[in-house]
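Here the structure comes first, spelled out in structure tokens, and everything after it is commentary.
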Amino acid sequence: MDKKLSGLATGIGSMPHQQAAPALSLIYKSLPHIPHWPQLPAAGEDEGFIRQYLSPLIERGLVVEASGRSPYFQTDAEGWLEMLTEFYTDVLADQEDQTIASFAFPLSSAAGFYSFLEHLRCEGTGDAIYLKGQVTGPVTMGFQITNENMQPAFYNDELRDIIVRSLALQIRWQIRTLAAYGLPVIIFIDDPAIYGYGQSTFVGLSREAIQQSLIPLIEAAKEERALIGVHACAGVDWSLLFELPFDFVNIDIYNYFTSLLVYSSELNNYLARGGSLAWGVVPTSAEVESESAHSLLERVEGHMLTLEKKGVDGGRLRSQLLFTPGCGTGSLPVDYAEKAYCLLMEISELYRKL
């Protein structure tokens, strides 16, 4: 981990604002060292968590949007093989800027991203030492998009591969676009559907399929010389993620710390390889009103002591870390989101003085 990052704070992605300007103002005020571009789901359906990353597949005719159902791959459509051939011709070509650019966000689905770029152009990078972006995860997208029979696309090897390749190119495009402003980049993969692994309602969701869908995204980021993290909601099987070469694994420790305890050995090995925990310490619920930076840091210290007792290296635990909210703040009232970001700033400042 870059030592300059130790104890800094950043956001997950989504924010409750309908306009980018107030969201960016809050980000730069509270997270000046690792600002992120804001996802704005309240601004309209096109800014949704899945829809935001679907345009490359919709524009190529591979995915169709229809009223009353999830977006789906139209594998039974006339010309499917031709469209598929054209897609693979693009993604298997040399990774030149022109090819990468065809996987860019349209302005209509990422106003926060383009406003972030405009701020960088007009105001510069300020106190930032890294710029952060994010992309939806392949498991989540693979369960939100179906085939024509409404079965999750993730269970189909061919359709899953299309999703993974599209997301990998979107990661490359984000990194190259952000890196043009002269700072290194961090990308987080937001993949809440990983929670389904091991659940009785997701019997066909295998460990191997999840990991094999994440590896190309990790490799794409590292080939672009960016740091790569993963955010998963709830209490997942953390060993699944600790085994992969992520720079950051983000955990909502406010609500799900106990889910980490059975993976203390895997966590220790992950830290020994240079990985870092991104501590989701600030609640993204009404509980944010009853917490302070001091109370949350006391919670962090208690959790660290618990992990040390289970054999986790305390030195690495205390130095290889970032702070984040427990999840995105997009579903919160604006005043709660403002409180969460203010707490993040205070926590980071206090921790770095310890």
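Values in this text are rule-based calculations from the coordinates and carry no lab data. This one's a predicted model, so the numbers in the text were calculated from it and none came from an experiment. Using ideal geometry, Cβ is built from the backbone for each residue, glycine included, and neighbour counts are taken over all protein chains shown.
Beta-bridge orientation, the chain: approximately 10 percent antiparallel, per DSSP, counting only bridges with both partners inside. Maximal additional length on extending the Asp127-Leu81 stretch stands at 11.6 nm, based on 0.36 nm per residue less the C-alpha distance.
Among the trypsin sites (Lys or Arg not before Pro) found in the stretch 262-354, those both in a DSSP coil and sparsely packed, with 16 or fewer other Cβ atoms within 10 Å of their Cβ, are Arg273, Lys310. Fewest neighbouring Cβ atoms within 10 Å first, the residues Val262, Val288 line up as Val262, Val288. Near Cys327, the amide H atoms lying under 5 Å from its own belong to Thr284; only residues 5 or more places off or on other chains count, and H is placed 1.01 Å from N.
Any chance you could give the angle, 0 to 90 degrees and rounded to 10, that helix 80-91 forms with the longest Cα principal axis of the chain? Between the helix axis and the principal axis of the chain, the angle is about 50 degrees.
The order of Cys342, Cys122, Cys327, Cys233, going from fewest to most other C-beta atoms within 10 Å of their C-beta, is Cys122, Cys342, Cys233, Cys327. Sparse packing (at most 14 other Cβ atoms within 10 Å of the Cβ) combined with a DSSP loop state is found for the following GluC sites (Glu not before Pro) in the stretch 32-77: Glu65.
Axis of helix 334-353 versus longest Cα principal axis of the chain: the two differ by about 50°, to the nearest ten degrees. For the chain, the longest principal axis of the C-alpha atoms and the axis of helix 207-223 are separated by about 80°. For Thr306 and Ser6, the FRET efficiency from 1/(1 + (r/R0)^6), where r spans their Cβ atoms and R0 equals 30 Å, is about 0.90.
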